[in-house]
Amino acid sequence: MDRSQPSLESPTLGPCVIAPVRAVLRLRRRVCVLRKRRLLQPGAEPDGGTPRALRPGCSSGTLRADLDQPRFFTFDGLTELPSRTPRKKRRRSRVVLYPETSRKYRPRTERQSRAQRCLLLLVAIVGFQVLNAIENLDDNVQRYDLDGLEKALQRAVFGQPAAVGRIMALLRDYLATHVHSRPLLLALHGPSGVGKSHVGRLLARHFRAVLEDSALVLQYHARHHCPEPRAVQDCRKELAQHVTDVVAQAEAKEKTPLLVLDEAELLHPALLDELHGLLQPQRSHHFHNAVYILLSSTGGVEITRFVLQNASRTLPPHSSSAYSIQAEESQAEEELRTSLRELLAGEHPLWRTAAIVPFLLLDKRDVVNCFREEMAGEGFFPEQALAERLAEQLSYHHVAGHEFAITGCKQVVAKVNLLQHRPGRTGH
């Protein structure tokens with residue numbers, strides 16, 4: 001060793017010089033370690049990936065020893081960090097709550113809603129009430145046996161199919177329920193002998209049978225209950241009392257009574273006023289749950305004129321269809337009812353609220369059927385030839401090949417009674 005150069009191990013260099021040197025070496029090794037870490041990161045190798053040469057003093061052994069040391073974050077070389085391209089954000093597709101190609105489901109909270117359950121319960125209750133009401137309608141129709149009544153009228157009343165059909169339609173519509181806001185007032189009008197009183201008797205007989213109480217059927221005859229010498233006020237009070245008693249008993253038994261007033265054209269205007277007052281809306285509902293039938297010959301002249309005029313207008317079957325003929329007949333009957341309503345409304349306001357049912361003139365074959373029916377009822381054999389000979393004794397209107405009886409079947413009973421006094425005629 002050259003003596004001119006000082007030695008590190010000379011006694012002149014003490015611990016105060018060796019300690020700083022060691023600290024500098026330690027810092028140098030730390031810097032080498034940090035640079036090495038930057039070189040090991042991906043993308044940090046310049047010049048085609050060739051690693052940067054180590055600085056002098058940074059040996060591989062020293063670097064390998066320092067790799068095991070704990071790593072700390074420093075701000076050295078932040079500018080040399082590689083820049084990362086920002087990741088593109090995915091565009092989320094819009095959420096479709098109820099797509100058209102899949103089933104739609106309601107939220108769970110709606111399916112368990114109490115309001116929906118209450119609504120379903122209400123619908124069930126309403127449906128049950130409707131079914132119950134329909135059953136009650138059927139029960140009312142069966143109670144009054146309207147089918148049997150219609151068959152009886154068609155069998156016993158001759159020449160009045162339109163009148164019988166209208167009466168049955170009105171009765172079916174009214175008797176379907178028990179509680180009503182207004183009564184059913186039927187006004188049967190027509191000439192003498194066409195079957196008005198006969199229909200009234202058949203209706204009264206049928207209602208007595210189905211109601212099982214004769215007190216719920218009232219038959220009032222003007223000549224019998226209020227003859228001419230009797231005071232009108234007494235007849236008025238008696239009529240009001242009869243009607244009140246019948247409707248009160250029927251209401252107690254929840255049934256619909258029948259009140260038939262025959263020969264209504266002979267009723268005094270005071271009696272019509274009393275009856276009209278009982279049917280007013282402000283009266284008790286007992287008077288509304290009843291069937292009132294007025295039998296009158298008022299308007300018989302208009303009906304006779306209508307039948308005779310329309311007999312010549314009857315179309316032959318081949319000129320038009322049956323539907324068109326029926327439509328024309330219905331239109332003509334509606335015109336007749338309108339004209340009768342205007343005529344009767346002038347007589348008394350009671351007929352303004354009534355359902356007018358006109359009874360037309362009877363043809364000769366209908367009179368023959370009346371004779372046969374009466375002969376069978378009196379015990380005679382209903383011989384067709386005898387019935388035709390008896391029918392020849394009556395008077396007729398001859399129009400367009402038709403023969404309409406002037407008095408209808410009014411004289412049938414008297415003619416059949418004369419057979420009992422003839423010799424050689426015995427009942428079978």
Segment K253-K151, length gained on full extension (0.36 nm per residue, minus Cα span) | 34.0 nm
Rounded, prolate or oblate (a/c below 1.5 giving rounded, otherwise prolate when a/b exceeds b/c) for segment 159-284 by Cα gyration tensor | oblate
Gain in span if fully extended, M168 to H398, counting 0.36 nm per residue against the direct Cα distance | 79.7 nm
Loop-located GluC sites (Glu not before Pro) in segment 212-279 whose Cβ has at most 12 other Cβ within 10 Å (DSSP) | E212, E254
With every protein chain in place, segment 366-420: carbon and sulfur % of accessible area (1.4 Å) = 50
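Semi-axes of the equivalent ellipsoid of segment 366-420: what are they in whole Å, largest first, if each equals the square root of 5 times a C-alpha gyration tensor eigenvalue?
Rounded to whole Å, the semi-axes are 21, 11, 8.
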Pairwise label distance in nanometres, R182 with D245, each label 7 Å out on the Cα-Cβ vector = 3.0
Simple spin-label estimate for L131 and V24 in nanometres, 7 Å along Cα-Cβ = 11.0
If the chain between V123 and A215 were fully extended at 0.36 nm per residue, the gain over the current Cα-Cα distance would be 28.8 nm
Which of the peptides 155-162, 174-181 is most tightly packed, and how do the rest follow, going by the mean number of other Cβ atoms within 10 Å of each residue?
-> 155-162, 174-181
Estimated translational D of segment 139-360 in µm²/s (Stokes, Kirkwood radius over Cα pairs; 20 °C; 1.002 mPa s) | 116
When you count, for each residue, the other Cβ atoms within 10 Å and take the mean per peptide, how do 33-39, 224-230, 203-209 rank with the highest first?
-> 203-209, 33-39, 224-230
Rounded FRET efficiency, nearest 0.05, which uses the C-beta distance separating A345 from E265 and R0 of 22 Å = 0.90
So which of K255/K415; K237/K415; K196/K364; K151/K410; K151/K253 end up more than 29 Å apart, counting from Cα to Cα?
-> K255/K415; K237/K415
Sticking with the crude label model, points 7 Å out along Cα→Cβ, report the distance from A332 to S192 in nm, one decimal please.
-> 2.6
Would you pull out the residues with amide H under 5 Å of L279's amide H, same chain only if 5 or more places away, H placed 1.01 Å from N?
-> none
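The values are calculated or read from the model by the stated rules, or taken from the named source; none is laboratory data. Keep in mind it's a predicted model, so treat the numbers as computed, not measured. Using ideal geometry, Cβ is built from the backbone for each residue, glycine included, and neighbour counts are taken over all protein chains shown. The protein model used for the area step is the full one, side chains on, heavy atoms only, and it has no ligands, DNA or RNA in it. Shrake-Rupley method; radii C 1.70, N 1.55, O 1.52, S 1.80 Å.
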